[in-house]
1. Could you work out the local net charge near ARG181, counting Lys and Arg as +1, Asp and Glu as -1, over the other residues with Cβ closer than 13 Å to its Cβ?
2. Rounded to the nearest 0.05, what FRET efficiency is calculated for GLU63 and GLU102 with R0 set to 25 Å and r the Cβ-Cβ distance?
3. Would you mind getting the accessible area per residue of the chain, heavy atoms of the protein chains only, 1.4 Å probe, in Å²?
4. With a 1.4 Å probe and all protein chains left in place, how much of the accessible area of the chain comes from carbon and sulfur atoms, in whole percent?
5. Please work out the FRET efficiency for the pair ASP113 and ARG164, using the Cβ-Cβ distance as r and a Förster radius of 30 Å; give the result to the nearest 0.05.
6. Which residues in the range 231-260 place their backbone N less than 20 Å from a point set 7 Å from the Cα of LEU94 along the Cα-to-Cβ direction?
7. Using only the alpha carbon atoms of the range 115-227, find the Kirkwood hydrodynamic radius as the inverse mean reciprocal pair distance, in angstroms to one decimal.
8. Could you work out the Kirkwood radius for the range 170-225, taking every pair of different alpha carbons, averaging 1/r and inverting it, reported in Å?
Amino acid sequence: MTEPTFPDLVLQSITRHGVTPSRGYVTLGHYDALISHYPPEPERPFVVHWTRSDRDPADLFGELTAYLRTSGARSAEWWFRDDSTPLGLEELVLAAGAKTIEDQVCVARAVGDAPPSIAPGVQVTLVQDAEALDAVVDIGVEVFDNPQPDRAALLADVLDELERGAGAWVVGWVDGAPVGRARVGFEYGVAPLVGAAVLPHARRRGVYAAMLAARLDLASTARCHTAVTKARRTQSLPVLLREGFTPIGQERAHLLEIAP
């Protein structure tokens, strides 16, 4: 059977999405890389979101590590995707002693295909008020160790995004308690699914699948033709493959200690 193909816009969306720092992040200017650090806590790694360069990889590696060191970095979370350049840079990062901390698969599927079923006792609601926004933030802090944002400003952003039809957040509930959160964006017919998190005690109860179904429904309402997301191999990937998603790429993150 021939695997489904996706237009270039889908591939561009999955490689672009997630490489722009979230609201409030401080971005360090560099021509060949996007680097951020937030909050400015010394022990929190700087993040190299992407590199795009035709330079010699050894020269770029030396320059970027020196740049990070001068900026005060003690470590760097260095991301690589299928379209990262220059070739050979990732191997240099690993050879310098970096440890792989993320190994994800990029996947896509048609929005109009059958959505996942919602398990009994699981409910999904749209984020439209401060109470729901608090659930989004608190779950992100517990699961991902996300920094605490300005909640009023974030709620304003979420509501503005919803009003403009640019994206939406949902919350998953079990037994009347918020236990999961996830986001869907709407970009030129493509719906990136990001930010999904479920509290440890509520996992394997269908919360992730229910939030997936809700986001696919929202994407359909927004007239998106394709949904894209990224998955950890041992966590959400099996669910996504079962629900009709197809692998279209990979990305990895390596944590590199920066010598003083």
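The values are calculated or read from the model by the stated rules, or taken from the named source; none is laboratory data. Predicted model, so just to flag it, every value in this text is computed and none were measured. Methodologically, a virtual Cβ is constructed for each residue, glycine included, from the backbone with ideal geometry; neighbour enumeration extends over all protein chains shown. These accessible areas exclude ligands, DNA and RNA; they are computed on the full protein's heavy atoms, side chains included. Shrake-Rupley method; radii C 1.70, N 1.55, O 1.52, S 1.80 Å.
1. For residues surrounding ARG181, the net value is -2.
2. Step by step, r from the Cβ atoms, then E = 0.55.
3. 50 Å²
4. Answer for the chain is 53 percent, counting heavy atoms of protein chains only.
5. On the way: r = 27 Å, r/R0 = 0.89.
Taking R0 as 30 Å, the efficiency between ASP113 and ARG164 is 0.65.
6. What the label zone holds, given the 20 Å backbone N cut-off, is 231-234, 248-258.
7. Computed over the range 115-227, the radius equals 14.0 Å.
8. Working: mean 1/r = 0.0865 Å⁻¹.
So the Kirkwood estimate lands at 11.6 Å.
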